[in-house]
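Working notes, structure below.
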Amino acid sequence: MFVVILVVAYKIAKVKSVRYEISADRIEWVRGIFSRQIDNLDMFRVVDVKLHRSLPDCILGIGTLTLMTKDSSDPIFEFEKISRLAKSMILLKLPPFPPTANRASST
């Protein structure tokens, strides 16, 4: 039981230790629990964006935003388990997906 609690606490700490900063020309993210790593991505390299929300993500109000880029070091970049997805998409200068967009396209 103690090991399970320790593993869950580590996973939560790992998700909470990632910070994203989005500006008009760049995305910068800082990650790490015991050591810090800072990377950045220029906005002009973003080619496409995908949004994924599982049922638990919808209940918790979070989701994963995936960016397809022309960057050689990070061709696929994921904002994992972030809240306020519509606000994040506006900051990325992309149109936010309305909640009913998937239902309308699947019929």
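No lab work stands behind these numbers, since they all come straight from the coordinates. Please read all numbers here as calculations on a predicted model, not as lab measurements.
Figures for the structure shown
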read-out: Given LYS11/LYS70; LYS50/LYS70; LYS14/LYS70, the pairs whose alpha carbons are separated by over 24 Å; value: LYS11/LYS70; LYS14/LYS70
read-out: Amide H partners (placed H, <5 Å) of GLU78, local residues excluded; value: LEU67
read-out: Shape category assigned to segment 1-82 from the gyration tensor of Cα positions, a/c cut at 1.5; value: oblate
